[in-house]
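What follows is one structure encoded as structure tokens, with my remarks underneath.
Read the figures in this text as sums done on the coordinates, not as results from a lab. Since the model is a prediction, treat every value here as computed from it, not as a measurement. Reconstructed Cβ throughout: ideal geometry from the backbone, glycine too, with neighbour counts over all protein chains shown.
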Ligand code: T5A
């Protein structure tokens, strides 16, 4: 039963789990695997993403990933990410959590800190102010930072893309991607109570097991996935 794997004080609010990492680190793959496992446990789960996740934010996503946002300059491009997040939080994330639905989100505020802040050099004070306005006290129950060497992530992203043109951020140079990884490692070190660094170089199944173990250690779930119990 679903109630058995909730911790005692979560009966009226879903869990908010964010996935972070550089390009091709395997976030989408792991979100799908975790959603399947949670679903088998009888939990209500939604999978969502940023930028995007709500109709309004998906329109902004298109502007951002096409590179049009870049032409406006770094601060204005950041404002577009924030506008998309505001719509997503108000129309998707908060209503789901209030209905006791677990929200698995592919990227959230840490992506802005890392891509626009660490690597993009937008003033952290501006990012802090925008975060306060947009997400207020909403904080992930846990943030899983999938870590792979930059070359591995870029290779995976390129294989998946095939002959398609790299998007706005995939097209940045290797130094930019190295800064992203450094930024994520710094966030993981700085906020160990919220963030867990996951070695994502192994097979998808091994990484999924590691993630499940992490959620058990953090008491977000209380037992092995169904597949490993029989
Ligand atoms: N952005 C976003 C900002 O700049 N600021 C912000 O505030 C926000 C929210 C979004 C872009 O926007 C930027 C960051 C991003 O550049 P996106 O299209 O949503 O762009 O792309 P990403 O989030 O970067 O995700 P990707 O789709 O590139 O990668 P994933 O989801 O990390 O990886 P995934 O699972 O798709 O896997 C990539 C490939 O690797 C394989 C998969 O099969 C796939 O082919 N793979 C593995 N191969 C071997 N071993 C494993 N363990 C594997 N796991 C997956």
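Quick notes
- Of the two radii for the chain, the radius of gyration is 0.95 times the Kirkwood radius, both from the alpha carbons; that is the Rg over Rh value.
- Length-normalised contact order of the chain in % [C-alpha pairs under 8 Å, at least 6 apart]: 32
- Among 176, 169, 81, a tally of other beta-carbon atoms within 10 Å of each Cβ gives an order, fewest to most, of 176, 169, 81.
- Between 75, 110, 164, the GNM of the chain built on Cα springs shorter than 10 angstrom shows 164 fluctuating the most.
- Here 102, 212 are placed in order of increasing Cβ neighbour count within 10 Å, fewest first, which gives 212, 102.
- Rounded to the nearest 0.05, the FRET efficiency derived from the C-beta distance between residue 32 and residue 174 at R0 = 35 Å is 0.80.
- Extension gain, residue 129 back to residue 218 (0.36 nm per residue minus Cα-Cα distance, nm): 29.1 nm
- Approximate spin-label separation residue 194-residue 159, in nm, with each point projected 7 Å along Cα-to-Cβ: 3.3
- Global geometry of region 1-134, whether rounded, prolate or oblate, following the gyration tensor of its Cα atoms and the 1.5 cut on a/c: prolate
- Note on residue 58 and residue 44: the extension gain reaches 2.7 nm, defined as 0.36 nm multiplied by sequence separation minus the Cα-Cα distance.
- Taking a ≥ b ≥ c as the square roots of the eigenvalues of the Cα gyration tensor, region 118-230 is oblate, since a/c reaches 1.5 or more and a/b is not larger than b/c.
- Sorted by Cβ density within 10 Å, fewest first, the residues 118, 184: 118, 184
- Cα-based helix-to-principal-axis angle, 150-161 vs the chain, degrees rounded to 10: 90
- For the chain, the mean residue ellipticity at 222 nm estimated from helices alone is -14000 deg cm²/dmol, where every DSSP H run of n ≥ 4 contributes -39500 (n - 2.57) and the total is divided by all residues, rounded to the nearest 500.
- Between 24, 153, 73, the residue with the greatest mean-square fluctuation in the GNM of the chain (Cα pairs under 10 Å linked by springs) is 73.
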